[in-house]
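J.: The following block contains the structure, expressed as structure tokens.
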Amino acid sequence: MTPEIFQQIMDARAQRKAVALVTALDSGKQRVVARDHAADDILAQVLDEAFRFDRSGVHRIPEGEFFVHIHNPPLRLIIIGAVHIAQALIPIARATGYDIMVIDPRGAFATGARFPDVTLHGEWPDEILPGLGLDQRSAMVALTHDPKIDDPSLQLALKSKIFYIGALGSKKTQASRVQRLSAAGFSKTDIARIHGPIGIDIGAQGAPEIAIAIMAELTRVLRLGS
């Protein structure tokens, strides 16, 4: 690996950008391919799957044999709302490799006693989210049931490349949410990115089962796409 290629990978890591180091096995020639530009590469299909599944390996195509080494940023889950479902969701998300952040301006909810060893932000989401860099390795779940907190979060997420957006609430709640977002100027295609009611429909009852349904849906979108 040349110093230039090494620096490209380090820069991508610092900026939370997903890249692949592609090595031609016949010549040893290497190149760095950013996920954002992978569709233009001769290994486009291979790279798409490799990025989604965090899977490095050897691939043979008509143009030759290549080793693809994936450098994905860490997965990140941003939870809007320091609620009971969040408490149940966090250990499952951690077990599946996510860095966790909880945002809730309600001081009685977002406490270290309720969320030990978790990055907590007591500010309003629209004060925190713009500085986070909501990228393709970030997911957001809005759990407060309070439009004053959830809606600004969802609007910022819809303007980003975040790979999963989920919002808690009934079908009636989701319909009202759609109306508000439409009035705010978001298109049907934009709003369709929101998974609401959140989670795979498994008839979940109670916070632990709802957390399982959320992580199942989130994982499906991460690995298989929307």
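Residue-wise test of (1) crowded, with 18+ Cβ neighbours inside 10 Å; (2) modelled with pLDDT under 90; (3) out of contact with any helix residue (DSSP H, G or I) (no Cβ under 6 Å at 6 or more places or on another chain).
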residue	(1), (2), (3)
MET140	yes, no, no
HIS145	no, yes, yes
ILE149	yes, no, yes
LYS159	no, no, yes
LYS171	no, yes, yes
ALA183	no, no, yes
ASP190	no, no, no
GLY199	yes, no, no
THR219	no, no, yes
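J.: Next question. Looking at the stretch 26-36, which of its residues are within 19 Å of the chain's Cα centre (by Cα) and more than 18 Å from SER56 (Cβ to Cβ)? Spell out how you get there, then give the answer.
T.: Initial filter on the stretch 26-36 (within 19 Å of the chain's Cα centre (by Cα)): 34-36.
If the condition is that a residue be within 19 Å of the chain's Cα centre (by Cα) and more than 18 Å from SER56 (Cβ to Cβ), then ASP36 is the only one that fits.
J.: Name the single residue that is most open to solvent (accessible area, probe 1.4 Å) among those in the stretch 4-40 being of a type in the set (Val, Ile, Thr) and within 20 Å of PRO73 (Cβ to Cβ). Working first, answer last.
T.: First, pick out the residues of the stretch 4-40 that are of a type in the set (Val, Ile, Thr): 5, 9, 19, 22-23, 32-33.
Imposing the further condition that a residue be within 20 Å of PRO73 (Cβ to Cβ) reduces the set to 5, 9, 19, 22, 32-33.
Details: ILE5: 17, ILE9: 7, VAL19: 9, VAL22: 0, VAL32: 36, VAL33: 10 Å².
Step by step, filter the stretch 4-40, then rank; the result is VAL32.
J.: Please note which helices (runs of 4 or more DSSP H) are completely contained in the stretch 169-226 and include at least 2 residues that are of a type in the set (Gly, Ala, Ser).
T.: Numbers: elements: 171-183, 188-191, 206-224.
Once the helices (runs of 4 or more DSSP H) in the stretch 169-226 are filtered for at least 2 residues that are of a type in the set (Gly, Ala, Ser), what remains is 171-183, 206-224.
J.: Let me ask something else. Of all residues in the stretch 53-69, which are under 13 Å from ASP26 (Cβ atoms) and of a type in the set (Phe, Trp, Tyr)?
T.: Across the stretch 53-69, the qualifying residues are PHE66, PHE67.
J.: Which ones in the stretch 153-188 are of a type in the set (Val, Ile, Thr) and under 16 Å from VAL221 (Cβ atoms)? Don't jump to the end; show me each part of the working.
T.: Start the filter on the stretch 153-188 by keeping residues that are of a type in the set (Val, Ile, Thr), which leaves 162, 165, 173, 178.
Once the filter is applied, which keeps residues that are of a type in the set (Val, Ile, Thr) and under 16 Å from VAL221 (Cβ atoms), the stretch 153-188 yields ILE162, ILE165.
J.: Which one of THR23, THR96 is of a type in the set (S, T, N, Q) and more than 24 Å from the chain's Cα centre (by Cα)? Working first, answer last.
T.: Working: THR96 fails: more than 24 Å from the chain's Cα centre (by Cα).
Of THR23, THR96, the one residue that is of a type in the set (S, T, N, Q) and more than 24 Å from the chain's Cα centre (by Cα) is THR23.
J.: Residues in the stretch 53-62: is at least one more than 21 Å from ILE198 (Cα to Cα), hydroxyl-bearing (Ser, Thr, Tyr) and crowded, with 16+ Cβ neighbours inside 10 Å?
T.: Residues of the stretch 53-62 that are more than 21 Å from ILE198 (Cα to Cα), as a first pass: 53-62.
Now narrow it down to the ones that are hydroxyl-bearing (Ser, Thr, Tyr): 56.
Adding the requirement that they be crowded, with 16+ Cβ neighbours inside 10 Å leaves none.
The answer is no, given that none of the residues of the stretch 53-62 is more than 21 Å from ILE198 (Cα to Cα), hydroxyl-bearing (Ser, Thr, Tyr) and crowded, with 16+ Cβ neighbours inside 10 Å.
J.: Considering the stretch 201-217 alone, what residues qualify as being of a type in the set (A, V, I, L, M) and either surrounded by 13 or more Cβ atoms within 10 Å (Cβ to Cβ) or closer than 16 Å to ALA139 by Cα (or both)? If you could, list the steps in order and put the result at the bottom.
T.: Of the residues in the stretch 201-217, the ones of a type in the set (A, V, I, L, M) are 202, 204, 207, 210-216.
Across the stretch 201-217, the qualifying residues are ALA204, ALA207, ILE210, ALA211, ILE212, ALA213, ILE214, MET215, ALA216.
J.: Would it be correct to say that ALA88 is under 19 Å from ILE212 (Cβ atoms), open to solvent by less than 30 Å² (accessible area, probe 1.4 Å) and under 16 Å from the mean Cα position of the chain (by Cα)?
T.: On the way: under 19 Å from ILE212 (Cβ atoms): yes; open to solvent by less than 30 Å² (accessible area, probe 1.4 Å): yes; under 16 Å from the mean Cα position of the chain (by Cα): no.
So ALA88 does not fit the description; no.
The values are calculated or read from the model by the stated rules, or taken from the named source; none is laboratory data. Given the structure is predicted, the values throughout are model-derived calculations rather than measurements. Quick reminder, even Gly has a Cβ in these numbers, built from the backbone with ideal geometry, and neighbours come from all protein chains shown. Just the protein is used for accessible areas: all its heavy atoms, side chains included, with ligands, DNA and RNA removed. Shrake-Rupley method; radii C 1.70, N 1.55, O 1.52, S 1.80 Å.
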